[in-house]
Amino acid sequence: MSYSREEDIGPDGQDNDSNRYPDYSRNTTLFSKGESGKYVPRSIFIDPDASSVDEIRNGALKSLFSPEQLLSGNESTSNNYAHGYHGIDKQLVNSARDQLRRAAEDCSNLQGFLVFRSLGGGTGSGLGALLTETIAEYFPKKAKFEVAIHPSLGDSGSTSNSESYNAVLSTHRTLENSDCSFLVENSAVAGIFKRNLDVAHPSYKDLNEAIAQAISLVTLDMRLSGSGGMVDFDVLQSSLVPSPRLHYPLLSHGSFIRFDGSGQMLDCDATQGKRLATALLYRGDAVPKDAHSSLNLIQRKLVSPLDERGIAALQLSFAGGAPIPFPDSPWRSPRQGVTGLSNTTAICQNVWQAFDSFSSKVEEISDFGLKMGHVEG
Ligand SMILES: Nc1nc2c(ncn2[C@@H]2O[C@H](COP(=O)(O)OP(=O)(O)OP(=O)(O)O)[C@@H](O)[C@H]2O)c(=O)[nH]1
C-alpha cells in the first residue's frame with residue numbers, strides 16, 4: 001500500500017496520472033506493467049491459514065493483485081516453527097516456489113528479494129525459513145534482504161510463549177541464507193509512536209506503516225525519477241555487512257533531520273557494543289549539512305569508542321521525494337524522513353535475550369517438537 005501510494009498507482013493498478021508526487025518515477029522496480037497498462041506488484045503473499053490473505057482478497061487492494069500472488073490454505077501452524085517448516089501442505093509450498101520463479105523471470109534485471117515475516121509465529125519462523133532457503137537455492141547470487149518481527153520479550157508484546165523458540169530456531173536456520181536482516185520489535189516501534197507522535201496504543205496498521213516508511217527508503221534510490229540509482233541492495237550489503245554472518249543492522253526511522261537514535265525499531269542500548277557500519281538514508285528536503293551533523297552526533301554520543309578491531313563504515317545517501325503517509329496517519333505529512341541502518345553488536349542483547357528465554361525452557365523443547373512429530377537435529 002505504501003509503495004503504490006508513493007508511485008501514485010491506484011488500488012486497481014492503474015496509473016493515477018495525478019502528478020501529485022512528481023518525484024516518484026512510477027517505474028517498474030517494484031511493479032510490472034501489463035499490456036493493458038495495469039501495474040502489478042512484484043510480490044507474493046502466503047499464509048497457510050487463509051484469514052490474513054483473505055483480508056487482502058476482500059480488501060481495498062483486491063484488484064491490485066492477481067489471484068496467483070495470494071496463496072493460502074486451510075491449516076494452522078499452531079505457533080510452532082516445526083510445523084511451519086516441516087508440516088505445511090506440499091501443494092501450497094510448491095505453488096509459492098512456482099510463483100517465486102515466475103515473479104523472478106518477469107524481471108529484466110533482478111536485484112534481489114525482500115522478505116517480510118515474523119520470527120515469533122509458526123508461519124513466519126517456519127515457512128518463512130523454508131522459503132528463504134528456497135530463494136537462496138534458486139537465486140544464490142541475488143541479494144536476500146528481510147524484515148523480521150522479533151518477539152518483544154519480557155512484555156506483553158508477545159502473543160505466545162513459544163515465540164522465543166520459534167525465533168531462535170528460525171534465526172539459526174536462516175543465518176546462512178539471508179544476506180541482510182532488519183530485526184524489528186513491535187514494542188520498540190510502539191515506543192516511537194508514544195515518544196514522538198503522542199499515540200499511546202498504536203495499531204498493527206500504525207506499526208506496519210512506520211516499518212514500511214523505514215524500509216521504503218531502502219529501495220527509494222532505485223525507484224525515484226532523476227535519482228542515480230546508486231543505493232541498491234548490493235551497495236547496502238557491501239557497506240553494511242563486513243562478514244556474511246554479521247548481517248543484522250539496527251533499523252531506525254524518524255521524520256526529522258536530527259537523527260538521534262530515538263527512532264530505533266529494536267529495543268537495545270545502542271551505546272553498548274561496537275558499531276561496525278552505519279548508513280543514513282535521507283529523503284525529502286534534507287540538506288547535507290544537517291545530515292553531517294547527525295553523523296557527528298552518532299559518532300560522539302552513540303558510538304562507544306571503536307577498538308582496533310572495529311570497522312567503521314559510514315555512508316550517507318540522499319533521495320528526493322518527501323514521505324507520503326496514509327491520509328489518517330499520525331505521521332502528518334513530514335517534509336523529510338531518515339532511515340538509519342547501523343550494524344552494531346548492541347543487537348546481541350536482544351538475540352541473547354531470546355536465546356536465554358529459549359534455553360531456560362529447554363526441557364519443554366522435546367515435547368514441543370515431539371508433539372508435532374518433528375525434532376530439529
Ligand atoms: N508489526 C506487526 N507485527 C505483527 C503483525 N501480525 C502479527 N505480528 C506479530 O508477529 C508475531 C507472530 O504473529 P502471528 O500472527 O502468530 O504470526 P504467523 O507468522 O502468522 O504465525 P502463526 O499465526 O503461528 O501461523 C507476534 O508477535 C505478533 O505480534 C503485523 O501485522 N504487524
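Quick look at the values:
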quantity: Charge tally in the Cβ shell below 14 Å around Gln315, where Lys, Arg are +1 and Asp, Glu are -1, Gln315 excluded; calculated: -2
quantity: Mean accessible surface per residue for the range 65-213, computed with a 1.4 Å probe while every protein chain stays in place, in Å²; calculated: 42
quantity: Residues Thr271 and Ser36, FRET efficiency given R0 of 51 Å [Cβ-Cβ distance, rounded to 0.05]; calculated: 0.40
quantity: Virtual spin-label span in nm between Met230 and Glu55, 7 Å along Cα→Cβ; calculated: 3.9
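The values are calculated or read from the model by the stated rules, or taken from the named source; none is laboratory data. These numbers come from a predicted model, not from an experiment. Here the Cβ is made from the backbone with ideal geometry for all residues, glycine too, and neighbour counts use every protein chain on show. Accessible surface areas use protein heavy atoms only, side chains included; no ligands, DNA or RNA. Shrake-Rupley method; radii C 1.70, N 1.55, O 1.52, S 1.80 Å.
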